[in-house]
Every structure is written in C-alpha cells, then in structure tokens.
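A.B. asks: Handing you a structure now.
Readers should treat all values here as calculations from the given coordinates under stated rules, not as data from a laboratory. All figures in this text were calculated on a predicted structure; none of them were measured in a lab. Positions of Cβ are backbone-derived with ideal geometry, glycine not excepted, and every protein chain shown enters the neighbour counts.
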Amino acid sequence: MPTTASKHSQAKEQVSAQESSCGDDLSSSASASHLGSAVSRASSDCPPPAGFYQSFPANLDGNRDPMDVGERNPPTAPLVVIPRNLDLGMGAWSTVHGVNIGSGIEKRGLVMSIWKSKALSKELGPGWIFDGNKLAWSLTKLERELHMLIDLDADKGRPTRPGTRENTHRIVMKLTNTVRFETLTAYLQSTCTFDNACLEAINFSDHLLRELPSQKYTQIKRSFFARGQDRSSLGGGVEAFKGVYQSLRVAHHISGPRLSVNVDVANGTFWTASLLHVAARELCRARDEAALINALRPTNTPKGLRDSAAFALLKRFRKLRVICKHRGAQHRDEHVIDKFLPQNAREYEFELHDKATNTRSKTSLYNYFSLKYSIRLEFPDLPVFRTTKKGTVLPMELCTIVQNQRFPFKMDDRQTANMIKFAVTPPAERWKAIEHGLNMLDWENDNYLKNYGMLINPAQTQVKARLLQNPKVQFGNGANDPRTSGRWDLKGKKFLRPNPRPLKSWGVCVITGRGPTADKATVDRFIQEFVKIYAGHGGHVENKNPAMHQYPSHDAGKGVEETWNKAGNQAQARPQILVFIVPDKDSAVYLRIKRSCECRYGVVSQVMQYAHVQKCQAQYISNVCMKFNAKLGGTTCRAIGTKSAGATGLFSVPTVCIGADVSHAAPGMVGASMAAMTVSTDTLCTRYAAACETNGQRLEMITAKNIEGMLKPLLQHWVGNVGGGRFPKRIFYFRDGVSEGQYQHVLQQEVRDIKALLRTADPKLDIPFVVLVASKRHHIRFFPKASDASAADRNGNPLPGTLVETGVTHPFENDFYLCAHAAIKGTARPVHYHVLLNEANVTNEELQTLLYEHSYQYIRATTPVSLFPAVYYAHLASNRAKAHDANVEGSGIVPSSGSESGGGSKKVSSQTGGSSDDASVDFPQLMPMPNTDGIQSSMWYI
C-alpha cells in the first residue's frame, strides 16, 4: 500500500470499502458510497436513506473541508437544467402513480395479494414496481384513472366459501407525478440544491433496487435473508444467520458526486423452524415437556388464579405462521397464531357437526383428532391456541413454525452473548460474506434493473485514508507511547491524578444468594491486595481495613444501609465509597445497590463479582482501580499529542465539552426514554460529570425542560470550579444516536435550548458552538489492502487513527469516518462524525485531532476507544438511568413514599423529532441524587 508524507499524518493509505457505483462511468475502478441510518421522509413505507433531502445553510453546517479544492456546498441559485433523462445509466422516464386499495385499513399481506392478482397484472402489464403502500412506478403512463374490482377467490380459481363474505376489493390508480431524474443530475453536478424532485428520484431508485430481492428472500427493511442458509442456535428457540444489506447513497468522489450502493453483511435473528411445543419448551427454559406443562399452569394467589410467567411468554408467538400437517404430507395447512387459551386439548370442547347424520354433539379437541385423523396427542395437557381463521383451534404438538420469521424481541444475556460470537467475524471472513451477499443480489440478472436501464459496477470502492499521529499517554510518573498498537498496560504506572482526599471512610458488603458462599478469608485477602495495588498506582488510602459485613441479596437496599452505617461509625466520617461483592450478574440486585447508594445516601459505589474476587488477579484489580479512582475524584491519564500540548494546544481557549445521548426501551416494550448529558469538569476535558432524566416515550430529542434541569447545575459547577467565575470561550456539543433526518432538529431544538439556557445567566452571552453527531449505526467497513502490511493490524483491520474523508462521505456536507480504536475481535467499525455547526471556526484538522487524541484518555481503559469520551460517558449514564427509576425491578419501595421515592410526575408531549408513537405520556421523574459530597459532579456512572 503506497504511503505519502503529510504534515499532519504518518501516512496515506489506500483502503477498500464495500460499495459499488451506480452510473454511466462504469469503467472507473474507484466508486463511492455514503451511509447512515434510514429515515422515513417520504410517503412510502420504506423511503430512501436520509441525508439526501437535507442541505444545511452554509453559515450553519461548518462544511468547508480543507481537504477539498473548492466548496462542498451546492449553490443556492435557482434550478436551471436541461430536461433529459438521468445520465447515470437510467434508460427512460419513470412515472409515479397513486394507489388506493380497499378502504385503506387492509393488512399488508392482503394488499400485496391484490397487487399480485392476475387480473391487475394483465391490466397493467409488466415492469411495475409497488412500494406496498400508496405508490407505484412504471415506464408507461396510465392514460386514464384506473378503477377495478379484484375478486381474489375467482382470481385463484376457487369458489367463495358458503357463509363468508365476498373476497372482492376495489383498487384505484391514477397518475400523480413524473420522476425527474434531470433534477437529481443537476444536484450531483452542484447546480441546484436538494429538493423534493431529487427525493422522488432516489426514492424510486431505492425501491427499484429492492424489488427483485424482496420477492426472492425474506426482507427486513434493507436486509435480505435466504432460506436454507447456515444457521446458529442462540438458545430459547431463536437462531441467527447471515444475509445481505444494501442501500442507495449519494457520495463524494474525486471525479464528482455520484450514486452508489452500500452492500454489507446483515445478521438476523429468527424463530427456529421447529415444532411449536419444542419452541415453547426452549422459550420457557423447561428441561422437558412435563416441566413445561407444570410451568404453564396458572399461579394461585390470594386474589385468585393468574397466568404464570411462562404462559405470559407464549404471547411472543402471536402472529407467527405455523404449518399443521394433520391432514397428511400432501396438505400444507398454514395458520397464524392469534392467542393461546387457558384450556388444554382435553379441556377445550366444541360443537361437532356430523353431516352424514345431521347431528351435533360436543367433543374435546383431544377426542376429535383421535377419531377424525387417528392421531393420539402425546402431550394433551399443553394449552391449545386459536388461529386467525375463525373457529380454528389447534394443539401445539401438531404445528411447525415456518422458517425465516423474525424474532423481534430483546434477547436475554445468554442469547446476546451467543449472537455476539456469531456476528463478530474477522475482516477476511466478513468480506467473503459480503461477496456471498453480492451473489444473492445478482444485479447482472435483475430484470427490473434491466427494464429501467440501471447499471451497477460491482467493483470495490477504493478510498484514500490518512493515518493520524497517535498521542502519548501521560501518567503521573511518565508517558507511554502506544504507537500503532493501541495498547498499553498499568504495570508500574501511577494515575495522573489520584484521589484528592485520602480514603478514610469506606465499607465492604458481601451480598449472599445464588452461587458459592463467599469466604471471609478470601474477601480479606482480596481487599488487602486491592489496597496494595491501588496505593501502587498512587492512590491515597488512610484506612486499609474497611468495615465489612455480609447481607442476603433479597434485600440489597438493607445491605446498603448497614454498610453505610458501619463505614461511617468506624471512621466517624461520612463514607466516601461503598464496595459490594455480589455472587452473580443479578441486574435487580445491581440496580437496587446503585439506587440506594446514589439516590438515598449520595455516595458512589463499586460492585464486583465474587468469582473475580476469588481469582484475585492483579490485572483485574488494576482495571477496577481505574473506576475506583475516577469515582473518588482522580484521573487515570491524559493524551499529549503534537496539537494538544503547550500553551497553543487545543485547550488554550477555555473550552467545555458536552456529550448527550438518549436510550430507549427494548423493542416491543413500553417505557420511558432516558436522556443523559455529560459536561467536562476540568480544563483538559479528562473528567466528566453527568445527569440523567426521563424523556418521554421514544422521544429522541432532549426536551427543553430536561436540558435546563440537567445542564444548568453542571455548567454552574464548571463556571465556579473550572472557569474561575467566567463562562467558557467555546462549547463543543457531541450528540450520539440521532439519525440523519434529525440533524436539523438537533440544531433547531437542543442547541437552541442550550443557548437559551446560557442567555438566562447573561442576555449578551454568545458562546460559539461546535456541534458534531457521532454515529456507529452504519454499514461502512474498511479493508486495508493485503499488499501493504503497514496499513493494517495483525487481524487485517485498519490501524488506530485511520481517517477517511472522501469516497464514502457526503459530497456537500462535512463528515468523515474515524477508526480510533484497535478492534479486539471482528471487523473494526469506524465512527461516522458529522459536523453540523462550526461557529468557532475550528479546522477539520483540529477537530479530528481532538476526537482521536481524546479516545486515549477514556478513564477506565488501557486502549483508545472508538467513540469520543463525552459521548461514551453520556451513553453509560443514559443506560444507568434506570437504576434511578423507583418503578424498575428491584426497587423494593413504593414510589410515592419513603426516603427513596422519586420526584413528581411530568407530562412529556410529542415533539418534532420524536417517533410516531410519542403520544402524550406521564412518566415519573427519576429519583434525584442529593449533591452531598459532590456526587452530582462526580463520575458516579463509571
């Protein structure tokens, strides 16, 4: 791989990305693509990726890239184009037709059946594309508005069953628009801004790409999964296998902006195609069918019988398609599960009509299958289920789950661990999987693409990458230079700043419960070794024999209280930190400990598993010491690079870094979203304070009330303790987790509200902002050339500091990809940074240096991390916020009373930038943390 000198890089390297160009310049070996999260902005159900419709004003986006010649922003002059077809291989005009099927409330399966009917296909002719909702495209125009009645029974050559309503549906189609590819061409040639015509052109092209794969494979958004693939069991009746992901992007390239296709591996989770009762047994974690039957029995409570926890799990099977073959192998009776009934096959009775004698009699489901089909049910005590077909009830053991049905629920810890093992593959294996995906897509033989004249070059995208100079890692007793390895250790290292107050008042609580009983001698030995190693790293420990006791896990909150009292009484001082040794990974116990410590007593805590305590390994203790020291006010290390050292470094101007993130409830679950914000608490941005709060239901934008409630005390702390009573000269705002369609909302809502908050202190205050969005939810991966060993690590991943600014970035906006970390396993995923606002006129070189160097001073790691620490900490805090919710599992209290009850209830309404289900919902506020001993400005979330 060739290298070229650069004043701010070690080398330039040629790397490959998994994209293909779409256009007339098919002879070029360099193609491009852009990637990001798909965002719904059109009227169809699967619109094109966001980022195409959005072009920020030049004074807001900071999109002057010093690496380019000229401006990347398109001019805002009126559109002037030559009306001609898209000069990217597209063969003809495409017209858009509005489609109305039935009353508009029909399910998608019925809508597609009507669309694929023989009568409609004969009327329309070949080559039509339908989005499954309201839009259809064709090369020909409908000369008149189409009105048809489609009889699906007649269409399939079957008579209408007696006693059922007619299976006839109305369809209305009319011409609504013409796709203007010349507008998209003008946008790519920088002669016009992005408008709705460009969106419509890309919307059509995106659907065109997906038309044939959606007919051949199982489709999940932009991913496709084939039947018969190699599968890996995840446990609990769930399996995983690989598919292919593809999306259309517009990308910057040295020869000019172009369309490209991003292709990557897709990892999907599906229900195992097994017998339904076997899947139920695995789902409920029952050892056999007898245990399953017992687990499904109702639970007897003082108020009467109620469904068991196992029976409630069966609701996950709702809407699953199953095959019942009781009528023989030649009959494939497919049903959809509607509801499980509390009766079993012996108990469920129905009226049977004997047509021969015209008599009616009651019989059980068990007897029916025995007499009618000579099938003797092996497990008649299992509950039966009702299907969506009226009057049809079936036993589980006769039904098989249809393969390739998505598992849409949150996986448990074991399934997640198995999924990670399955999904994590080294670069060479991932590239082979991508090539397999390209064969699945088979663009060359796609008749829809041929019909519309779309040609795609399947060649790999070749992009130039720079390797940024790594910083040195400064500790209290010297510096370490990790060079390109991205690794260092703590042997012989003293923390840059140890705990400012000697550790005097602290206690240790051993939580007993499941697992082996903790041995006091083992715990004593561990604490002695822990104190020794912490002191070796520079920690100040005055009390080397903390108060210690045991407490059962069924009331961890009481254990916190006892530990607090014993530690305080021993030292005659307020406890500085409490240590807990737990038997396992019980999340309820963990949340209870954190809730009591942080919200009741205002003290930081450290939780460790007994298995690690038994091993008493020095490396583990050193890793825990980094978090321990951070919670006590210390700092592990700092990064010193060529651009960050001295009086002219990046922080020669008083600067505040703010990170923000919002976490949401698991798919299919209703719960409050948790917002978190972090603020740097020192001049070098090595330490961060954090605050969290509920943020409505699946509402991504942080509300103005939350910004004021969380950010105000944190900024006040900075002004009083870091700024010497003065405000910072500039603010960096790093936002995580927003899609491209919400970039403008970040500026118009969150940044606006932060500025409004600052003006409440001084109406004339106008601090310049630099706003960046960090994203890891994308499908870009880089594969260094095998011919240049100096560009890749031993696993074949890009070296830490690999920066890509062209080829896969947006042509008119300021974004780049940075691979700051060394991937331990699998293929490294770079972080996509998008600069939305640059009022401080910081150069890209300074921004990239800041992002890369600060990844080396993440406070609990001995390796650079992939994400900027302010964002990483906000992510940790938002996930930890549930520990401050009195209503989550393990609270053990009534939210409306007691010393740990939360604040009042607040009503959060739907806002712009939220999801479609942001109905006005009441969520109680999180329990506040008392700011005693400065816990609010500490790193309690580490």
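A.B. asks: Report the net charge of residues surrounding R360, where surrounding means a beta-carbon distance below 15 angstrom and charges are Lys +1, Arg +1, Asp -1, Glu -1.
C.D. replies: Residues near R360 contribute -1 overall.
A.B. asks: At a Förster radius of 60 Å, what calculated FRET efficiency corresponds to the Cβ-Cβ distance of C616 and R360, to the nearest 0.05?
C.D. replies: The pair C616/R360 has a calculated efficiency of 0.20.
A.B. asks: Using only the alpha carbons, work out the radius of gyration and Dmax of the stretch 276-401 in angstrom.
C.D. replies: Expressed in Å, the Cα Rg and Dmax of the stretch 276-401 come to 15.2, 51.
A.B. asks: From the backbone phi of the stretch 404-414, what are the Karplus-calculated ³J(HN,Hα) couplings (6.51 cos²θ - 1.76 cosθ + 1.60, θ = phi - 60°) in whole Hz, Gly and Pro given as x?
C.D. replies: The phi angles translate into 6, 9, 5, 8, x, 9, 5, 7, 7, 4, 5 Hz.
A.B. asks: At R0 = 30 Å, how high is the FRET efficiency between D524 and R501 if r is their beta carbon distance? Nearest 0.05 is fine.
C.D. replies: 0.75
A.B. asks: Dipole of the stretch 543-608, Cα-centred, from +1 at each Lys and Arg C-beta and -1 at each Asp and Glu C-beta, to the nearest 20 debye?
C.D. replies: Its charge dipole is roughly 180 debye.
A.B. asks: Could you list W128, W137 in order of exposure, starting from the residue whose Cβ has the fewest other Cβ atoms within 10 Å?
C.D. replies: Placing the least packed residue first, the sequence is W128, W137.
A.B. asks: Using 7 Å Cα-to-Cβ label points, what is the E143/A535 separation (nm, one decimal)?
C.D. replies: 9.7
A.B. asks: For the cross-link pairs K755/K776; K464/K825; K174/K390; K472/K785; K558/K631, which exceed 29 Å when the distance is taken from alpha carbon to alpha carbon?
C.D. replies: K174/K390
A.B. asks: Within straight cross-link reach of K432, meaning Cα distance under 15 Å, which aspartates and glutamates are found once same-chain residues fewer than 8 apart are removed?
C.D. replies: E19, D230, D264
A.B. asks: Now for a different question. Compute the relative contact order of the stretch 658-731 as a whole-number percentage, counting only Cα pairs closer than 8 Å that sit 6 or more residues apart in sequence.
C.D. replies: 27
A.B. asks: Quick check of the Kirkwood formula: for the stretch 715-800, what is the inverse mean of 1/r over all pairs of different Cα atoms, in Å?
C.D. replies: The answer is 16.5 Å.
A.B. asks: Same structure, new question: Distance between the C-alpha centers of the stretch 538-582 and the stretch 345-411? Whole Å please.
C.D. replies: Here the two parts' Cα centres lie 59 Å apart.
A.B. asks: What are the ³J(HN,Hα) values, in whole Hz, obtained from phi via the Karplus relation 6.51 cos²θ - 1.76 cosθ + 1.60 with θ = phi - 60°, for each residue of the stretch 204-218 in sequence order, with x given for Gly and Pro?
C.D. replies: Once rounded to whole Hz, the list reads 5, 4, 5, 5, 4, 4, 8, 4, 6, x, 5, 7, 8, 10, 6.
A.B. asks: Another question, if that's okay. Near V99, within a Cβ-to-Cβ distance under 10 Å, what is the net charge of the other residues, with Lys and Arg +1 and Asp and Glu -1?
C.D. replies: +1
A.B. asks: Tell me, M548, M626 in order of fewest to most beta-carbon neighbours within 10 Å?
C.D. replies: Fewest-to-most ranking of M548, M626: M548, M626.
A.B. asks: What does the charge count around H326 come to, taking other residues whose C-beta lies under 9 Å from its C-beta (Lys +1, Arg +1, Asp -1, Glu -1)?
C.D. replies: +2
A.B. asks: Here's another thing I want to ask about it. Let me know the volume per residue of the alpha-carbon convex hull for the stretch 498-631, in Å³.
C.D. replies: 93
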